[in-house]
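The values are calculated or read from the model by the stated rules, or taken from the named source; none is laboratory data. Everything quoted here is computed from the prediction, not taken from an experiment. Cβ atoms come from the backbone with ideal geometry, glycine included; neighbour counts cover every protein chain shown.
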Amino acid sequence: MQSLSNQLANLTRTGVITSACEHSSIAELITKADEIKEQYPQLCQRPIAIQYTNSADFITALIAFDGWCSAIYLCPPDVSIPEKALIKWPLDNDTAMTDLSIKQLNSTSLDGTQTMWYMATSGTTGEPKWFSHSFLSLTAHTKHSHKLQALCWALLYQPFRFAGLQVMLQALLSGADLVDVVDYEPLAQMAFLKHGDVTAISATPSVWRQLLMTGQLSELTLSHMTLGGEIADQILLDKLYRLFPKAKLRHIYASTEAGVGFVVSDGRAGFPTKWLEDQTLSVVLKVSDEQHLLIKPSHPVCQSLAQHTDAQGYVDTLDKVQVINDRVFFLGRATGTINVGGNKVHPEKVEQVLLQCADISQVKVYAKKSALLGELVVADVMIIDTGVEQEVKQHLLKMCKKQLHRFEIPTKISIVNHIDHEHSGKLNRKQLHD
Amino acid sequence: MTNLEQQIRQAMQQVAELSDCQLVDPIDADTLLLECGLDSLGYAMLVAQLEEDLGFDPFTELEIDIYPSTFTEFLGIYQQCANNL
C-alpha cells in the first residue's frame, strides 16, 4: 500500500522545511508522526480533520495519518469541521479523554489503510464543498530525480489547498527543501526566499507579479518557475522567461474538484490545440459545444462530480476556453465565479449581501479584468429612490466590509438604471465576462 | 508636481480610504510601492481607478520591461503610456 510515510521511508534523503528561519528536518517530523501513532492508537482507521496551524505540524499530521486513518480532511483555518463524527486534530482535551475510552484497534496490523483525502473548495453559499482524492491521485504528477532533490521550493500557496499541497508533496517526495513564506507580505517573502536560497517557485500569476514588484526577484537563482491557480498570460510568461532564460517555466491547469491537471511548458499562454482529444495523454481533453473544457482523468473521479460527467467519462470543468488556431486559451469560469488573484469569489454570495440593503431593487456582481490580479469584483445596483446614491454606496460598502472577505468586496459599485437578464430570469453575467 | 502625478496621488488616497488602508507619509520618488500602504488588491484597484480617470491601463497596453518597484517607476509607466497616446 502506497502512503506518504512509506514513500518517505524509501527516500535516500529527506529535506528540511523552514518557516520564519526555523528549521525542521522531515526526518524529525517522521519521528514525531510515529510518536503520535503510538500515543493515540485509537485514531487508527478513524476519519480525522486536520486543522491547519503551521506547516511543520501539518506535514507531521499528514505523515502520521495517511495510510493509517480512514480519511483526512484538510481544514482551512476559517472552515468548520464538515461532520460531527470527525475527530479534530490537534485533539482538544475533551476529544482526547472521550476517545481514550474507545476500544483500541490493533493499529499495527491495520497500518496500510487506503486513506481518502478531502479538500475544501469555497461553495456558492459560502459553505465549503468537499472533494475526495487518494494519495495516488494527488501524487500522480510528482517527479523524482537527483536534480529535483537538490531544489529548494518556496511555499507560497496555503498547503490545505490543492496547489499548495501539490508543492508540499513535490518537495517532500523528491527529498527537496521547502521554505514556507505563505503568511508574509511580498517584501518579507523576498527576504526569506533570498535567505533560504530558494531555487524553485510555484505561485499564482498575481503572486509572481507582486514578487516582480519587489524589484528583487532577479537576486534569486531560479531553475524552476511554475504558475497556477489563475490564467497565465503571455506578458507575464515572457517577463519571467527574460529574467531566468535557463529556468524551466511551466504553467499548470489544475482542477481541485477532479484532482487532475496538466502542465504546459513551451512558454506560451494556453495549451496546444493538438492536445484536444489526444488519447495518449494522461488526461484526455475536449472542448464542448458550449466552449467548456472537458477532461477525462485516468483515475476514477469523486462521486460529487457525477452530475458533471458525461457517458464517455469526460468531466465538465466549467472553464470557458477559446480555440485560436494552434492554441486553446482560457477565458474564465462559465459559472461566473470570479478569480481574484487565485481567490474564488461567488457573485451570488456578494449579491446576497448587497440585497440586504432596503434601498436596492436589483444587483449584479461580475468580474472586471485586471492586469495585476486577473479579475476584480465589481457591482451594478439599481436603487429604489434617486438622490441618495452616495449614502447607499457607503452603506453597501459598510455591509460588505462586515460580511465579506476583503477580496470579495466590490472594488466599484455603479448605480445603474437597468440590469440585463437572460431568458431564464437569471442575471446575464456572460456578456460582461466575454 | 505634474497633473498626472497629482491624479495618481489622489487616486491612491481614494483607494486607500475605500479599502481601509493607511498610506505612508510622505510618499517620495524612491518610496517602494509595496511599502506605500497599499497591498496587491489596493494596487489592482488603483490601476482600475486610474483607467477610469485617465482612460488607459498601461499594464494591459504596454509591453512593460520591468514591473514598477518605486513610486517614480509607477509614475513613469503612466507617463510613457500617456506620451504614446
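Condition check ((1) assigned to a strand (DSSP E or B); (2) within 14 Å of chain B (Cβ to nearest Cβ)) across all residues:
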{"residue": "A:Ala188", "(1), (2)": "no, yes"}
{"residue": "A:Val198", "(1), (2)": "no, no"}
{"residue": "A:Ile201", "(1), (2)": "yes, no"}
{"residue": "A:Val207", "(1), (2)": "no, yes"}
{"residue": "A:Gln210", "(1), (2)": "no, yes"}
{"residue": "A:Glu230", "(1), (2)": "no, yes"}
{"residue": "A:Ile235", "(1), (2)": "no, yes"}
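Consider A:Gln170 carefully, then state whether it is within 14 Å of chain B (Cβ to nearest Cβ) and either assigned to a loop (DSSP other than H, G, I, E, B) or not small (Gly, Ala, Ser) (or both). Spelling it out, it is not the case that A:Gln170 is within 14 Å of chain B (Cβ to nearest Cβ) and either assigned to a loop (DSSP other than H, G, I, E, B) or not small (Gly, Ala, Ser) (or both). Taken over region A:35-66, residues that are in contact with a strand residue (DSSP E or B) (Cβ under 6 Å, 6 or more places away or on another chain) and over 19 Å from A:Met116 (Cβ atoms) amount to 2. Screening A:Thr386 against (1) in the same structural domain as A:Leu293 (by TED's automatic domain parsing); (2) loosely packed, with under 15 Cβ neighbours inside 10 Å leaves a single unmet condition, (1). Being of a type outside the set (Asp, Glu) and under 10 Å from the mean Cα position of the chain (by Cα) holds for only one residue in B:Leu54, B:Leu46, B:Leu34, B:Leu41, and it is B:Leu46.
Within region A:344-391, if we keep just the residues that are of a type in the set (S, T, N, Q) and part of a loop (DSSP other than H, G, I, E, B), the residue that is farthest from the other protein chains (Cβ to nearest Cβ) turns out to be A:Thr386.
Can you find, within region B:4-31, the residue that is nearest to the other protein chains (Cβ to nearest Cβ) among those that are outside any helix (DSSP H, G or I) and surrounded by fewer than 16 Cβ atoms within 10 Å (Cβ to Cβ)? Taking the candidates together, the pick is B:Asp20.
Go through region A:44-81 and count every residue that is touching a residue at least 12 places away in the same chain (Cβ under 8 Å), outside any helix (DSSP H, G or I) and either charged (D, E, K, R) or within 18 Å of A:Ser134 (Cβ to Cβ) (or both). Total meeting the criteria: 15. What are the residues in region A:405-423 that are surrounded by 12 or more Cβ atoms within 10 Å (Cβ to Cβ) and either part of a helix (DSSP H, G or I) or out of contact with any strand residue (DSSP E or B) (no Cβ under 9 Å at 6 or more places or on another chain) (or both), if any? Across region A:405-423, the qualifying residues are A:Arg406, A:Phe407, A:Glu408.
Considering A:Gly313, A:Gly336, the condition of being part of a loop (DSSP other than H, G, I, E, B), within 20 Å of the chain's Cα centre (by Cα) and not hydroxyl-bearing (Ser, Thr, Tyr) is satisfied by A:Gly336 alone. Looking across region B:56-85 at every residue that is touching a Pro at 6+ places or on another chain (Cβ under 9 Å) and either in a loop (DSSP other than H, G, I, E, B) or of a type in the set (A, V, I, L, M) (or both), the one that is farthest from the other protein chains (Cβ to nearest Cβ) is identified as B:Ala82.
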